[in-house]
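Just below is one structure, and these are the notes that go with it.
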Amino acid sequence: MDHWWQKDISGCGLSGIINWDGKRISGAVIKKSVALMHDRGNGQGGGFAAYGIYPEHKDHYALHIMFTEEPGKPTRDFDDAMKETEAYLDRALAVDLAEDIPVRVTEKVPSHPLLRRYFVKVKQGSLKGTNMTEDDYIVSAVMHINDKIDNAFVFSSGRNMGAFKGVGFPEDIADFFMLENYEGHTWTAHNRFPTNTQGWWGGAHPFTLLDWSIVHNGEISSYGINKRYLEMFGYKLALLTDTEVVTYMFDLLVRRQGLPISAACMAVAAPFWKDIDRMEESEREACEAIRMVYGPALLNGPFAILFGHGKGLIGMNDRIKLRPFIAATKGKTVYMASEESAIREICPEPKEVWAPRAGHPVVVEMGKGIV
Amino acid sequence: MNRTMPPEFRVKIDQEKCRKCKRCLMSCSFGVYSFADRVIPDSNKCVACNRCVVMCPEDAITIHESPNVYKDHPNWPLSIRKNVWKQAETGGVLLTGMGNDRPYPIIFDHLVVDACQVTNPSIDPLREPMELRTFLGRKPDKLEMEMVGGKPRLKEKLPQNIKLEIPVIFAPMSFGAISLNAHKSLAMAAKESGTVYGTGEGGLHEELYDYGPWTIVQCASGRFGVHSEYLNAGVAVEIKIGQGAKPGIGGHLPGEKIGAEISRTRMIPVGTDALSPAPHHDIYSIEDLRQLIYAIKEATGYKPVSVKIACVHNVAAIATGIVRAGADIVYLDGFKGGTGAAPTQIRDHVGIPIELALAAVDDRLRQEGIRNQASIVAAGGIRSSADAVKAIALGADACAIGTAALLAMGCSLCQKCYTGNCAWGICTQKPELTRRLDPEWGAMRLNNLLRAWGHEIKEFLGALGVNSVESLRGSRERLRGVGLDAQTLDILGVKPAGR
Ligand code: SF4
Ligand code: SF4
């Protein structure tokens with residue numbers, strides 16, 4: 001048993017926007033919002049997830065890959081890592097476009113990894129004889145690169161979406177990736193305050209898997225059991241961050257086990273027994289079952305998370321609201337952030353502003369609004 | 001008189017204080033006292049149960065370790081010399097009661113618990129909800145559910161589970177080993193505290209059927225008092241394979257303890273010895289166990305079945321087999337577990353500690369991906385809420401307490417349970433002794449104990465920054481070892497303090 005791992009501890013700020021009508025918003029907007037919460041980070045990590053940014057390749061999986069030092073792995077020539085990765089991609093997948101991710105080097109972000117993106121599809125016939133879906137196949141390819149190829153790290157792998165992240169304050173990372181040139185219907189942003197110097201670009205947030213991205217502010221006190229629970233289902237936790245655990249937990253509950261997303265939210269921020277005991281019979285029975293079966297999935301301790309999944313955005317707090325989290329609406333746009341000021345910075349007169357109740361998610365679905 | 005046996009204790013009466021009320025004569029069930037103008041104690045018979053000390057109105061009695069010294073020899077402490085003397089005298093197997101009293105390292109005392117500082121907040125259990133509710137039994141790998149009108153709805157019902165309001169249950173102790181009043185105390189307290197007690201292997205007295213929802217009935221190798229109504233009387237059925245205090249050994253309740261009540265409950269004639277064979281003679285293998293598990297499930301409408309084993313060397317592989325055989329609960333009894341009577345050498349030298357067994361079993365069930373198919377109950381050495389918290393962090397769903405429950409009912413740990421003379425009316429069937437234990441009083445004391453532990457467990461959870469016990473369960477990251485060797489830490493899956 002390997003129990004010598006050291007957990008990564010951090011605090012943070014987060015911000016998210018979604019236009020559920022599909023109108024695309026410039027990356028400059030989310031940058032402005034998260035930049036206002038500059039003091040919630042310490043320059044050790046900033047990042048963004050954007051949905052709807054690659055309409056011209058919307059049927060391709062967009063793999064964002066960084067070639068750089070990786071903790072716990074030997075460092076070699078990054079070009080070699082790139083060559084090995086590209087040879088693997090050519091074998092495993094149909095690569096229709098490979099290019100550098102455009103960047104603008106400034107003195108605020110003095111050094112950076114080799115950053116590439118690949119628009120890929122699963123080759124015809126690859127799934128024959130397996131019971132995998134295309135998504136499963138992509139997940140296994142991502143896991144292969146991250147696990148087996150030294151100095152190559154896939155940091156985003158969804159369709160018509162991408163993550164942009166690195167070591168620095170989020171506004172500087174936004175400038176570095178020239179996010180003003182991207183337009184998406186959903187954006188999330190993260191400003192990180194790790195207690196240790198991190199220095200690894202892959203360690204910044206959001207954490208993504210396929211179309212899913214998680215930004216998270218918190219420190220999950222139940223991390224130990226959440227990790228062991230996921231390991232029982234074959235997940236390898238490499239980054240030892242809360243965000244990784246949150247992402248895999250949703251992956252397990254929703255993608256692999258088929259729970260409705262709101263039921264998964266109830267598992268990770270479970271209603272209290274005192275409330276369950278007062279529910280009408282069928283709801284009580286369902287909630288009791290969620291707690292009995294998914295007790296180890298309960299994320300206990302302070303958190304606020306934004307969970308983007310391509311078809312919408314979910315924001316939620318832990319069950320006793322130990323981290324700040326505010327939501328607002330204006331027209332068909334919903335805003336969620338750690339601080340109200342970060343919302344008012346980009347939407348001075350919201351129609352409605354509220355502090356969502358502990359454990360009660362704000363669920364926004366494309367085409368529908370808040371459900 | 002056996003002249004080679006030095007008395008263990010010396011009873012002193014302060015004759016100036018003594019007012020000659022003779023209460024000590026009535027209290028002592030070991031025949032220490034006689035009266036001739038004044039109280040005369042025979043120290044040879046004293047077991048230091050302290051009943052007389054408690055009953056004496058004048059505080060006139062003191063019990064001391066015997067001041068007599070023998071020349072010291074590290075390889076031959078007096079306790080071992082005495083064993084040899086006793087056996088030279090009687091030619092018999094040494095008997096004892098309660099749990100292992102050898103000074104093995106207590107691993108719980110080398111584990112410390114985490115708390116929150118700055119990066120995550122601790123939670124105040126007096127101001128915020130703090131949840132201990134626990135379910136014992138099989139859980140599916142995943143739920144089939146749908147949302148109907150924004151509310152979750154189950155598509156498939158869950159298997160039956162035992163609902164506990166505190167993750168501490170009362171360990172099974174048979175009617176026979178303990179008195180009916182002790183059983184009543186446990187049943188009443190289990191009901192009041194929202195937990196369960198175990199009947200042990202002696203059947204269920206007819207007066208206790210009303211406490212079924214708080215009862216786990218047991219089916220052991222002697223099959224005493226097992227019939228269909230009995231199997232259906234509780235919330236679960238426990239198959240007892242072994243006991244931590246005497247792994248691999250059966251049970252023996254001597255004929256003199258089999259009075260009318262026990263005879264009726266156990267379904268054996270008055271005055272016959274009640275012998276439980278060492279193994280179940282219909283379980284010589286794991287596939288036999290499976291048959292019994294499913295026979296019981298069929299007979300009870302699929303109530304959870306618990307399998308209780310003593311912790312022995314290959315406990316992880318055994319537990320895996322038990323879960324694969326269909327058990328819904330694995331009850332692990334460590335080598336510090338108590339007993340009404342056991343051969344001393346077996347009690348003191350067979351089996352392994354619960355901490356290591358528990359960690360190994362929880363790990364193995366996770367590696368096999370079947371941890372959710374059965375709950376783990378840890379027993380045999382749980383002395384405090386801190387032990388319970390550590391056991392839960394190591395992976396237990398709940399803990400069972402036997403000795404601690406007896407202590408709550410007045411037991412003084414004199415370890416003379418096997419004599420049938422328990423002065424506190426717990427481990428005896430003599431009517432003049434059993435009536436010393438008032439079930440209402442016993443239940444009140446047990447409830448107090450559970451309430452106190454419940455508060456303390458909540459304080460631990462609050463300090464850990466979690467508000468529900470399932471967030472502690474198996475969270476070994478919240479434990480650290482102090483003064484444990486690397487291999488032990490490895491088995492426990494716990495880092496040393498400082499890491
Ligand atoms: S109980 Fe105390 S006061 Fe009464 S006879 Fe015994 S020693 Fe004396
Ligand atoms: S139960 Fe009775 S006989 Fe057994 S140790 Fe306790 S006081 Fe002594």
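The values are calculated or read from the model by the stated rules, or taken from the named source; none is laboratory data. These numbers come from a predicted model, not from an experiment. Positions of Cβ are generated from backbone atoms using ideal geometry, with glycine treated the same way; all protein chains shown enter the neighbour counts.
Structure summary
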read-out	value
Selected residue (criterion: nearest to B:LYS142 (Cα to Cα)) from residues of segment A:243-270 that are surrounded by fewer than 18 Cβ atoms within 10 Å (Cβ to Cβ) and of a type outside the set (Gly, Ala, Ser)	A:ARG256
Filter result for B:ALA60 (within 15 Å of ligand 1 (Cβ to nearest atom) and touching a Lys or Arg at 6+ places or on another chain (Cβ under 7 Å))	yes
Top-ranked residue in segment B:14-30 [being surrounded by 12 or more Cβ atoms within 10 Å (Cβ to Cβ) and more than 10 Å from ligand 1 (Cβ to nearest atom); ranked as nearest to the other protein chains (Cβ to nearest Cβ)]	B:SER29
Check on B:ALA423, within 16 Å of ligand 1 (Cβ to nearest atom) and of a type outside the set (Phe, Trp, Tyr)	yes
Criterion violated by B:GLY194 - all others in (1) in contact with a Lys or Arg (Cβ under 8 Å, 6 or more places away or on another chain); (2) surrounded by fewer than 24 Cβ atoms within 10 Å (Cβ to Cβ); (3) closer than 24 Å to B:ARG290 by Cα satisfied	(3)
Matching residues in segment A:286-323 - criterion: being part of a loop (DSSP other than H, G, I, E, B), within 13 Å of chain B (Cβ to nearest Cβ) and touching a strand residue (DSSP E or B) at 6+ places or on another chain (Cβ under 7 Å)	A:LEU298, A:ASN300, A:GLY301, A:PRO302, A:ASP318, A:ARG323
Qualifying positions in segment B:349-392 - away from every other protein chain (no Cβ under 14 Å), touching a helix residue (DSSP H, G or I) at 6+ places or on another chain (Cβ under 8 Å) and surrounded by fewer than 24 Cβ atoms within 10 Å (Cβ to Cβ)	B:ILE352, B:PRO353, B:ARG383, B:SER384, B:SER385, B:ALA386, B:ASP387
Evaluation of B:SER412 against (1) more than 7 Å from ligand 2 (Cβ to nearest atom); (2) surrounded by fewer than 22 Cβ atoms within 10 Å (Cβ to Cβ); (3) not hydrophobic (A, V, I, L, M, F, W, C) (one fails), failing number	(1)
Which numbered condition B:ARG347 misses (of (1) within 17 Å of B:MET98 (Cβ to Cβ); (2) in contact with a Gly (Cβ under 6 Å, 6 or more places away or on another chain))	(2)
Output for segment B:388-409, where each listed residue is away from ligand 2 (no atom under 16 Å from the Cβ) and among the small types (Gly, Ala, Ser)	B:ALA388, B:ALA391, B:ALA393, B:GLY395, B:ALA396, B:ALA398, B:ALA400
Long-range neighbours under 8 Å by Cβ, at least six apart or interchain, first residue at pLDDT below 95 within segment B:403-426, second within 6 Å of ligand 2 (Cβ to nearest atom) and in a helix (DSSP H, G or I)	none
Those residues of segment A:47-81 which are assigned to a helix (DSSP H, G or I) and either modelled with pLDDT under 95 or acidic (Asp, Glu) (or both), in sequence order	A:GLU56, A:PHE78, A:ASP79, A:ASP80, A:ALA81
Residue within segment A:37-44 that is within 22 Å of A:MET161 (Cα to Cα) and outside any loop (DSSP other than H, G, I, E, B) present	no
Search result, residues across segment B:197-208 that are more than 24 Å from B:GLY381 (Cβ to Cβ) and either touching an Asp or Glu at 6+ places or on another chain (Cβ under 8 Å) or surrounded by 24 or more Cβ atoms within 10 Å (Cβ to Cβ) (or both)	B:GLY203, B:LEU204, B:HIS205
Evaluation of B:ALA182 against (1) at pLDDT 95 or above; (2) more than 16 Å from ligand 2 (Cβ to nearest atom); (3) in a helix (DSSP H, G or I) (one fails), failing number	(2)
Every residue from segment B:63-94 that is modelled with pLDDT under 95 and under 21 Å from B:ASN50 (Cα atoms)	B:GLU65, B:SER66, B:PRO67, B:ASN68, B:SER79
The lone exception for B:MET147 - which of (1) part of a loop (DSSP other than H, G, I, E, B); (2) within 19 Å of A:ALA297 (Cβ to Cβ); (3) modelled with pLDDT under 95 it fails	(1)
Long-range neighbours under 6 Å by Cβ, at least six apart or interchain, first residue assigned to a loop (DSSP other than H, G, I, E, B) within segment B:338-358, second among the hydroxyl-bearing types (Ser, Thr, Tyr)	B:GLY338/B:THR403; B:ALA341/B:TYR418
Qualifying position, being facing chain B (nearest Cβ under 8 Å), in contact with a strand residue (DSSP E or B) (Cβ under 8 Å, 6 or more places away or on another chain), on the phi < 0 side of the Ramachandran plot and in a helix (DSSP H, G or I), among A:GLU244, A:GLU283	A:GLU283
Among residues of segment B:464-483, those that are more than 7 Å from every other protein chain (Cβ to nearest Cβ) and either under 23 Å from B:ASP124 (Cβ atoms) or in a helix (DSSP H, G or I) (or both), counted	3
Any hit, segment B:77-99, residues being within 14 Å of ligand 2 (Cβ to nearest atom) and either aliphatic (A, V, I, L, M) or surrounded by fewer than 16 Cβ atoms within 10 Å (Cβ to Cβ) (or both)	yes
Test: residue in segment A:194-203 that is modelled with pLDDT of 90 or more, under 13 Å from the mean Cα position of the chain (by Cα) and within 26 Å of A:HIS60 (Cβ to Cβ)	no
Test: residue in segment B:101-112 that is more than 16 Å from ligand 1 (Cβ to nearest atom) and within 14 Å of another protein chain (Cβ to nearest Cβ)	yes
Answer from B:ARG138, B:ARG133 - the residue that is more than 9 Å from chain A (Cβ to nearest Cβ) and buried (at least 18 other Cβ atoms within 10 Å of the Cβ)	B:ARG138
Output for segment A:192-207, where each listed residue is under 21 Å from A:VAL154 (Cα atoms) and within 14 Å of chain B (Cβ to nearest Cβ)	A:ARG192
Residues of segment A:208-231 satisfying the condition of being charged (D, E, K, R) and away from chain B (no Cβ under 14 Å)	A:ASP211
Only one of B:ALA378, B:ALA374, B:ALA357 that is at pLDDT 95 or above, under 13 Å from the mean Cα position of the chain (by Cα) and within 23 Å of B:VAL237 (Cα to Cα)	B:ALA378
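Conditions (1) of a type outside the set (Lys, Arg); (2) within 12 Å of another protein chain (Cβ to nearest Cβ); (3) within 28 Å of B:LEU472 (Cα to Cα), marked per residue:
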{"position": "B:GLU146", "(1), (2), (3)": "yes, yes, no"}
{"position": "B:GLY150", "(1), (2), (3)": "yes, yes, no"}
{"position": "B:GLN160", "(1), (2), (3)": "yes, yes, yes"}
{"position": "B:PHE170", "(1), (2), (3)": "yes, no, yes"}
{"position": "B:MET173", "(1), (2), (3)": "yes, no, no"}
{"position": "B:GLY176", "(1), (2), (3)": "yes, no, no"}
{"position": "B:GLU192", "(1), (2), (3)": "yes, no, yes"}
{"position": "B:THR195", "(1), (2), (3)": "yes, no, yes"}
